[in-house]
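Participant: Structure in structure tokens, see below.
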Amino acid sequence: MDYEVIHTDDVPITDLSTVDEIPPDLRIRALDEVLDTDSLNLKLWYFEPGEEIGYHAHNEQEELFYVIEGEFSVKIGRSGEEEYVDAGPGTFWIAKPEVGHGHRNVGDDEGVVLAIGAPAVEDPGIDPHSLDNGDE
């Protein structure tokens, strides 16, 4: 099909704490699986207060993030140049390939972040500090 229309509630929530290969232990809605995207990864991430995605980078993939709900502290930038930015509802940020990024829910309520990654390749997170000296 060339198009598809879904509602968020029709996309099942996956509890990543039950999947050993995929940290962190958060909950997601894998929109890309239901929409069967070809060129991008598309996920809704759900964060309880204090939960986070640790600082990491990708070799090939760039990621765009959008805060739907909650208050986040974003750590972003190349190794040695990281900065922290506050991000609330309506905030976007992007991390190009090899640029470190991570975020934590610093609010008192659940947070929800839309993450869009392209290209849609298996690109596991790497330690951004390893890029300083060519290690992985």
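Bear in mind that the values in this text are calculations on the coordinates, not laboratory data. Worth saying up front: this structure is predicted, and the values here are computed from it rather than measured. Neighbour counts are summed over all protein chains in view; Cβ atoms, including those assigned to glycine, are modelled from backbone coordinates with ideal geometry.
Participant: Dividing the Cα convex hull volume of segment 1-135 by residue count, how many Å³ per residue is that?
Facilitator: Numbers: hull volume 15.1 nm³, N = 135.
So the per-residue hull volume is 112 Å³.
Participant: Moving on to the next point. Placing +1 at every Lys and Arg Cβ and -1 at every Asp and Glu Cβ, with all other atoms neutral, what dipole size does the chain have around its Cα centre, in debye to the nearest 20? Display every interim value, and only then the final one.
Facilitator: Values: 7 positive and 34 negative charges, 65 e Å.
In total the dipole reaches around 320 debye.
Participant: Could you compute the net charge surrounding Thr91? Neighbours are other residues with a C-beta less than 15 Å from the C-beta of Thr91; K and R count +1, D and E count -1. Present the calculation step by step, with values, prior to reporting the outcome.
Facilitator: On the way: positive: Lys75, Arg104; negative: Glu63, Glu69, Glu71, Glu83, Asp86.
Residues near Thr91 contribute -3 overall.
Participant: If you don't mind, there's one more thing I want to ask. In percent, how large is the relative contact order of the chain, given Cα pairs closer than 8 Å and 6 or more residues apart? Don't skip to the answer; put the middle values down first.
Facilitator: Values: 320 pairs, mean separation 37.6, N = 136.
Relative contact order for the chain comes out at 28 percent.
Participant: What order, most packed first, do the peptides 7-13, 48-54 have when packing is the mean number of other Cβ atoms within 10 Å of each residue? List each step's numbers first, then the result.
Facilitator: Numbers: 7-13: 10.7, 48-54: 15.1.
Ranked from most to least packed, the peptides come out as 48-54, 7-13.
Participant: With the chain treated as a Gaussian network of Cα nodes joined by springs under 10 Å, which of Glu62, Glu71, Glu33 yields the largest mean-square fluctuation?
Facilitator: It is Glu33.
Participant: Using the Cα centre as the reference, give the magnitude of the dipole from point charges on the C-beta atoms of segment 1-69 (Lys, Arg: +1; Asp, Glu: -1; all else neutral), rounded to the nearest 20 debye. Let's see the in-between values first.
Facilitator: Working: 3 positive and 19 negative charges, 34 e Å.
With only Lys, Arg, Asp and Glu charged at Cβ, the dipole is about 160 debye.
Participant: For the chain, what does -39500 (n - 2.57) per DSSP helix run (n ≥ 4), summed and divided by total residues, give at 222 nm, in deg cm²/dmol to the nearest 500? Spell out each step's value before the answer.
Facilitator: Working: 1 runs with 5 residues, N = 136.
Helix-only estimate at 222 nm: -500 deg cm²/dmol.
Participant: In addition: Find the centroid of the Cα atoms in segment 24-64 and in segment 71-136, then give the distance between the two in whole Å.
Facilitator: The two parts, judged by their Cα centres, are 11 Å apart.
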